[in-house]
Amino acid sequence: MEKREMLYEGKAKKVFKTDDPDLYVVEYKDDATAFNGQKRERIAGKGELNNKISALFFELLREKGVESHYVRRLSDTEQLVRRVTIIPLEVVVRNIAAGSLSKRLGWEEGRELPRPVVEFYYKNDELGDPLINESHIAVLGVAPPDQLDDITTQALKVNEILTAYLRERGILLVDFKLEFGLDSGGRVLLADEISPDTCRFWDAATKEKLDKDRFRRDLGGVERAYEEVLHRLGGR
């Protein structure tokens with residue numbers, strides 16, 4: 001497998017073609033962004049930590065029957081993935097009130113939800129990735145009903161698996177963002193990453209934040225928090 005020209009560069013990752021048209025290389029960057037790119041910083045080692053954490057989660061999910069674009073980890077900062085066409089939806093699963101949900105519902109941060117909440121955001125930087133519902137998705141033609149049902153089912157299964165796994169390691173899975181894509185056969189696959197950049201992780205005992213909120217809220221200790229997550233997952 002030969003890594004070739006860069007296909008795309010996003011806020012946190014670069015994607016490269018390979019000599020196999022169905023395989024790409026994803027390289028994780030040290031860049032940190034928040035508030036749709038308005039806040040930016042470079043955090044040494046973040047790319048390596050997110051790559052290793054995401055790989056561990058994708059491998060766990062594969063063992064539990066949830067397939068994804070992930071094939072294997074290539075290096076400290078690189079993964080080999082299947083080529084997928086990303087569905088322009090950000091799928092957020094929430095277990096505990098935090099962030100924008102606390103503001104919308106007027107619930108104090110940390111209040112446990114009686115059941116997981118699944119939200120959809122239209123993946124469009126120019127519009128600021130707005131919150132949308134099933135009717136909006138149908139009008140936009142983003143995903144037909146059967147695909148949306150598949151996405152929702154997979155997202156809830158991921159939540160069930162990760163919540164239990166992390167609880168055993170003293171971490172609360174507050175909420176997280178997933179993305180999905182279609183492979184060459186039209187199959188819906190989990191894609192993107194699962195890391196402290198895309199999840200809210202809290203220490204179960206102290207409620208200390210172990211995720212990107214440390215960067216968003218200027219709490220400091222971003223790299224240390226990410227290292228702690230990797231350590232509890234057994235990756236370091």
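Here, each number is a calculation from the coordinates, and none is a lab measurement. Keep in mind that what you see is a predicted model, and the values were worked out from it rather than measured. Every residue, glycine as well, gets a Cβ built from its backbone with ideal geometry; the counts of neighbours run over all protein chains shown.
Quick notes on this one:
- Inter-label distance for ARG42 and ARG216, nm, one decimal - labels placed 7 Å from Cα along Cα-to-Cβ: 2.5
- Computed FRET value (nearest 0.05) for ALA164 with GLU109, which takes r as the C-beta separation and R₀ as 22 Å: 0.45
- Reach of LYS17 by Cα under 28 Å, taken over lysines that are not fewer than 8 positions away in the same chain: LYS3, LYS29, LYS46, LYS52, LYS123, LYS177
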